[in-house]
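Some notes on the structure that comes next.
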Amino acid sequence: DTAPSFTSGTDASPAALHLTTRMRRNRKSEWARRLVRENVLTTDDLIWPLFAADGDNRREAVASMPGVERLSVDQCVRDAERAAKLDIPCIALFPYTDPALRDPQGSEALNADNLVCRTVRAVKKEFPDLGVLCDVALDPFTSHGHDGLLRDDGVIMNDETVAVLARQALVQAEAGCDVIAPSDMMDGRIGAIRDALDAAGFGDVQIMAYAAKYASAFYGPFRDAVGSAKALTGDKRTYQMDPANSDEALREVELDIAEGADMVMVKPGLPYLDILRRVKDTFAMPTFAYQVSGEYAMLMAAANNGWLDGERAMMESLLAFKRAGADGVLTYFAPRAAEKLRTRG
Ligand code: PBG
């Protein structure tokens, strides 16, 4: 392409406008664009979610998330190695619990030798300097697929659930987890978990609160990945937030900070950038976004159909989180984005 990338219009052409300010001047070449660039994405911004499963030397595709697999513990360690080599600071672990181990109480969540705990131990043993984050919620462990304890009449019981979540967090901290990330949206769980961790000598374990988490249709592929989709009876609207609300997100975040959250998260990602910006501006906290499974699935589906340039759409979407105020992003694109950033740098 030999066409000039920029023309000022200030030549002798009869059509020339007499403009003092021309915004295009700062865009005239790559060096000039780099010079005025306001936001950058680096590998420091990435948290990579992994799905753990039983077995040995096994990688099983998740149909609705092309490129994402359920990994046996040894393969989780291999992906942890990939994360470390790519300079990704932190991974997040989610278990696909054997359906035979699921019950109404989610008891397996409290088993110190459950899949997540075994994975944490295996990863931390080989890669002690890699951050490991664990989700706290009961949905991968309950036969009904809810994040909390379900009463006969269908109510998810708040305070009873919080007591279990605090124990789940302790079990994960004992396994060596660095960051506890409660995703359940029960009231008061951050404070209860902070107290439990501190009382047990885990004062250094951080809490990243899924503070503003919406009842979203974009979690569908994740529920396939952890096997809770078929199980789920009803929906999560009595605990996750109404997508119509914005002020309410600030109240949720405020409470989680008051209860001791070290970092806060907004979830989902792209459809909620307005919430992310408000949260960052209001609280100036370390603030994260979760580019969830459905967002990943949408981009991958379009890219795999040749409907958009997948690499460019991936990088643009991640940069958008930075621009909206995120300090980091949980994304299934983490390894591919890190590879792209490495070849560019
Ligand atoms: C569990 C949990 C969910 C996600 C993260 N933690 C699903 C849900 O709330 O139903 C979704 C992540 C994703 O869609 O990528 N509470």
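Below, the figures for the structure above:
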read-out	value
Selection within the stretch 217-228 - more than 16 Å from Ala61 (Cα to Cα) and more than 8 Å from the ligand (Cβ to nearest atom)	Ala217
Conditions (1) under 20 Å from the mean Cα position of the chain (by Cα); (2) closer than 17 Å to Glu81 by Cβ: number failed by Pro128	(1)
Considering residues of the stretch 217-248 that are of a type outside the set (Phe, Trp, Tyr) and assigned to a helix (DSSP H, G or I) only, the residue surrounded by the most Cβ atoms within 10 Å (Cβ to Cβ)	Ala225
Some residue of the stretch 254-276 being within 16 Å of the ligand (Cβ to nearest atom), modelled with pLDDT of 95 or more, part of a loop (DSSP other than H, G, I, E, B) and over 24 Å from Val132 (Cα atoms)	no
Matching option when the condition is more than 16 Å from the ligand (Cβ to nearest atom) and part of a helix (DSSP H, G or I), among Asp129, Asp195, Asp113	Asp195
Verdict on Ile207 being part of a helix (DSSP H, G or I), touching a residue at least 12 places away in the same chain (Cβ under 8 Å) and more than 12 Å from the ligand (Cβ to nearest atom)	no
Test for Arg251: is it free of Cβ contacts under 8 Å to residues at least 24 places away in the same chain, in a helix (DSSP H, G or I) and either touching a Ser or Thr at 6+ places or on another chain (Cβ under 8 Å) or of a type outside the set (A, V, I, L, M) (or both)	yes
Residue that is surrounded by the fewest Cβ atoms within 10 Å (Cβ to Cβ) [pool: residues in the stretch 67-101 that are within 14 Å of the ligand (Cβ to nearest atom) and farther than 19 Å from Ile180 by Cβ]	Gly67
The stretch 140-160, residues that are touching a Leu at 6+ places or on another chain (Cβ under 8 Å) and part of a loop (DSSP other than H, G, I, E, B)	Phe141, His144, Gly145, His146, Asp147, Gly148
Pairs with Cβ under 7 Å, 6+ apart, first in the stretch 54-72 and more than 18 Å from Phe333 (Cβ to Cβ) and free of Cβ contacts under 8 Å to residues at least 12 places away in the same chain, second small (Gly, Ala, Ser) and assigned to a strand (DSSP E or B)	Glu60/Ala53
Residue list for the stretch 290-326, filter: in contact with a Pro (Cβ under 8 Å, 6 or more places away or on another chain) and buried (at least 18 other Cβ atoms within 10 Å of the Cβ)	Tyr290, Gln291, Val292, Ser293, Gly294, Glu295, Tyr296, Ala297, Met300
Cross-chain or 6+ apart pairs with Cβ under 9 Å, the stretch 164-185 first and at positive phi, then in a loop (DSSP other than H, G, I, E, B)	Gly176/Pro128; Met185/Ala137; Met185/Asp147; Met185/Gly148; Met185/Ala215; Met185/Lys236; Met185/Tyr239; Met185/Gln240
Residues (touching a strand residue (DSSP E or B) at 6+ places or on another chain (Cβ under 8 Å) and of a type in the set (Ser, Thr, Tyr)) located in the stretch 92-137	Tyr96, Thr119
Residue satisfying condition, being of a type outside the set (A, V, I, L, M, F, W, C) and under 30 Å from Asp54 (Cβ atoms), within set Ser246, Ser293	Ser293
Pair list, Cβ under 7 Å, 6 or more apart: the stretch 289-307 residue within 26 Å of Ala209 (Cβ to Cβ) and assigned to a helix (DSSP H, G or I), other residue more than 9 Å from the ligand (Cβ to nearest atom) and modelled with pLDDT of 95 or more	Gly294/Ala217; Glu295/Gly269; Glu295/Leu270; Tyr296/Phe333; Ala297/Ser64
Condition check for Ala166: small (Gly, Ala, Ser) and either within 27 Å of Asp98 (Cα to Cα) or within 13 Å of the ligand (Cβ to nearest atom) (or both)	yes
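The values are calculated or read from the model by the stated rules, or taken from the named source; none is laboratory data. All values derive from a computational prediction rather than experimental measurement. Glycine gets a Cβ as well: all are built from the backbone with ideal geometry, and neighbour counts include every protein chain shown.
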